[in-house]
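All of the numbers you see were taken from the coordinates with simple rules; none came from a lab. Because the structure is a prediction, the values reported are computed rather than measured.
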Amino acid sequence: MLGAISVTHLAPWTSIQKFGNGSFSSKLRRQRAVSMSVGVEEASESLYLGLDFGTSGARFAIIDKGGTIQVEAKKEYPLYKNGESYDWVLSWKETMFLLLEDVPLELRKHVVSISLDGTSATTIIVDRDTGEPIWRPFLYNESCPDALPMVKSIAPPNHTVCTGSSTLCKLVEWWINAGSNKKSALLLHQADWLLWLLHGKLGISDYNNALKVGYDPEAESYPPWLVSQPYSHLLPSVLAPGTPIASLKEEIANKYGFQKDCVVCTGTTDSIAAFLAARANLPGQAVTSLGSTLAIKLLSNTRIEDSRFGVYSHRLDDKWLVGGASNTGGAVLRQLFTDDQLEELSEHIDPSKTSLLDYYPLPKTGERFPVADPNLAPRTLFDWDLVCPLLLVMSEPIFGGVNQACIKISIR
């Protein structure tokens, strides 16, 4: 979630607002490097490189052992046409290596590990021998309603995969439409594939990204109802997020000047990375991230899942991150307003007042959370006298309504 607004909810009735390019706690604010150039003397200790692939762009940050950011940079995805659609795989790949080039030369040799997060449920079907994509990627918010009945017929009622945008629905959609290359195919998530480009070990995922394909992070295995399916051979191996996989490829280390024993680790999803960056660490604390989309995560001792409302739980060590992701967010505002209009109109918003208007801004038909409805239509009015209330409606889930949702989750 590039350039997201993040709000940490420290208690059901209180919140701390934080704005800017990232999600960081105001109580535990980390110092940032003031420029892209950092002296070698200042970076003599081990450093850690994290790459964040959001919906509209990607960025990196390098931190030291204390969590202090040494340097960071970001890039928007270049757009490449492939017939009638965009070649997103090429865009992601090129962006990752452009970000590596942006890491200051004097810091690269001090980086001891690299990891990466990607958008949840963004799915790539690749050749298991070459790693090359054999199908266009299924994006994070893409719904596959034709596959949903088949998924519901095998999964437990209201399971996380029982929504049209789940990774499993995308796998089944591909399986229905694929040709003769089914036996040689492998499913990877966006983060899995990009990390493979760095370490070269094909077929490895993490249990955060694998949740929506049906992996059970509590049992640490795929469930029997899934492994019995004819497409189960496409499922990747799953490790805990942050697990060392292998050293950075020798040719990449040599080309960019990273140390030869720099370790590449399994990743996570972009919304979980936003939660970790906000440093919420107590049950009942929640983080809302508003980027191109809107994601809500609440730390809980209890695992809660109900696909009817788009609610699911990610494992975070011995606790659970309960929440969901909506299709509303900054992307729909980009469709409706220019930057200048947003800046001017936002000055007139009073988030302490509740709007009585029933707007539901979506970039297109379909919603994932707080209700999973692929047919939900956007509700907006293009009356310039009412655009301020429209923006206010979008702010309410962050500054007010989300507290009520978090209270309900906590009670359950």
Quick check for region 147-209: number of Lys pairs with alpha-carbon distance under 20 Å, counting only pairs 8 or more apart or on different chains? 4
For T380, what residues show an amide H to amide H distance below 5 Å, using hydrogens built from the backbone and excluding near sequence neighbours? Y360
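Which entries in K81/K255; K297/K319; K93/K212; K212/K249; K212/K364 show an alpha-carbon gap greater than 18 Å? The partial results should precede the final answer.
Working: K81/K255 28 Å; K297/K319 12 Å; K93/K212 23 Å; K212/K249 29 Å; K212/K364 22 Å.
Those over the limit are K81/K255; K93/K212; K212/K249; K212/K364.
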Determine ³J(HN,Hα), in whole Hz, for all residues of region 247-256 in sequence, where each value follows from phi through the Karplus function 6.51 cos²θ - 1.76 cosθ + 1.60 and θ = phi - 60°; x replaces Gly and Pro. 6, 4, 3, 4, 5, 6, 4, 5, 5, 9
Treating cross-link reach as a plain straight distance, find the aspartates and glutamates whose alpha-carbon is under 16 Å from the alpha-carbon of K65, omitting any fewer than eight places away in the same chain. E41, E42, E45
Taking placed amide H atoms and a strict 5 Å upper bound, the residues 5 or more places from V71 or on another chain that come that close are A33, I62
